[in-house]
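The values are calculated or read from the model by the stated rules, or taken from the named source; none is laboratory data. As the structure is a prediction and not an experimental result, all values here were calculated from the model. Here the Cβ positions follow ideal geometry from the backbone for every residue, glycine too, while neighbour counts run over all protein chains shown. Calculation scope for accessible area: heavy atoms of the full protein, side chains included, ligands and nucleic acids excluded. Shrake-Rupley method; radii C 1.70, N 1.55, O 1.52, S 1.80 Å.
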Amino acid sequence: MDGKTVQQFKKGSLEMILLCLIGRGETYGYELITALNDASAAVLGYAREGTVYPILYRLQQQGLICCRIAPAAANGGSRKFYSLTDQGRQTLAELIAFWRDYKTCVDNFVAQYETECEP
Amino acid sequence: MSQKQYIRRVRRTLASGRTNRAAILRDLEEIFSSAAEHGQSTAEVIDRLGPPEDFARAAEEQLGVDRPRLLRRRMLLCALPAGLLAVAFFLLSRLYAFISPSSSVSVIGGADGPTAILIASQPLPGSGAVPLLLSLLCAGLAVWAVVRYFRKRG
């Protein structure tokens with residue numbers, strides 16, 4: 001399978017997946033990466049900080065997520081906790097609705113192809 | 001590459017203002033410390049982050065930072081003071097040459113006859129050569145910055 005095609009799929013969906021993960025409750029960077037890898041590494045490949053953090057910056061820039069910094073007792077440093085804003089929650093609801101239509105649309109094409117062309 | 005070297009290279013690549021820069025560098029510290037907390041090595045984290053220059057560019061791109069414009073502005077901010085310093089050092093070198101002729105003898109009260117006093121002046125230490133050299137260095141820096149400005153613009 002062409003790596004570029006898969007890459008495009010992942011790129012488009014990662015933003016929504018991150019919004020879903022953050023929408024489940026306040027979370028921080030390492031937890032997000034771990035959650036992504038536990039649930040989707042087999043399909044989406046291993047999540048990398050180099051990919052995830054720039055998207056987090058954009059989501060924050062767009063006002064879809066907000067963050068607060070709290071001291072992290074475990075490593076003596078600090079930790080940035082992300083949560084959804086009201087605008088983020090609304091955007092996620094719109095994205096989910098779009099995703100469902102999109103999925104149905106693509107599934108229809110796949111079903112037609114399978115019925116007509118596959119032996 | 002160590003954590004410090006990685007962060008230094010990211011810092012060097014970033015073109016954005018203080019707020020974005022501080023946030024990105026803070027996050028990097030957290031990425032490294034969280035990974036260490038879970039027993040991961042620096043090399044593993046760096047592998048996941050990718051090259052520092054790519055990380056810095058990707059972060060700024062997603063933050064909507066106009067990198068080329070900021071880098072051009074940085075070049076101008078470098079060229080302007082360098083040019084001014086070049087002129088200042090050049091004027092200083094001329095001033096040295098004016099107040100400190102290599103060696104001169106003057107006479108006070110020569111017209112009054114036998115009580116004339118002879119004054120010999122020595123050249124000032126380092127004379128005009130040092131400011132002239134500094135002036136050339138600054139001019140070189142200014143020219144370099146202007147050339148880079150126009151290259152980035154083109």
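Here the condition is being in the same structural domain as B:Ala142 (by TED's automatic domain parsing) and at pLDDT 80 or above; of B:Gly110, B:Gly83, it holds for B:Gly83 alone. Residues in the range A:37-77 that are open to solvent by less than 50 Å² (accessible area, probe 1.4 Å), closer than 24 Å to A:Gly88 by Cβ and part of a helix (DSSP H, G or I): A:Asn37, A:Ser40, A:Leu44, A:Glu49, A:Gly50, A:Val52, A:Tyr53, A:Pro54, A:Ile55, A:Leu56, A:Tyr57, A:Leu59.
Going by what's in this entry, would A:Arg24 be described as out of contact with any Lys or Arg (no Cβ under 7 Å at 6 or more places or on another chain), free of Cβ contacts under 8 Å to residues at least 24 places away in the same chain and basic (Lys, Arg)? Judged against the criteria, A:Arg24 is a match. Taking the stated definitions as given, is B:Arg11 away from chain A (no Cβ under 12 Å), modelled with pLDDT under 90 and open to solvent by 70 Å² or more (accessible area, probe 1.4 Å)? The answer is no for B:Arg11. Assessment of the range A:14-24 against the conditions (more than 12 Å from the chain's Cα centre (by Cα) and within 14 Å of chain B (Cβ to nearest Cβ)) yields no matching residue.
If you go through the range B:28-57 and keep only what is at the interface with chain A (Cβ under 8 Å from one of its Cβ atoms), within 30 Å of the chain's Cα centre (by Cα) and surrounded by fewer than 18 Cβ atoms within 10 Å (Cβ to Cβ), you end up with B:Glu29, B:Gly50, B:Asp54.
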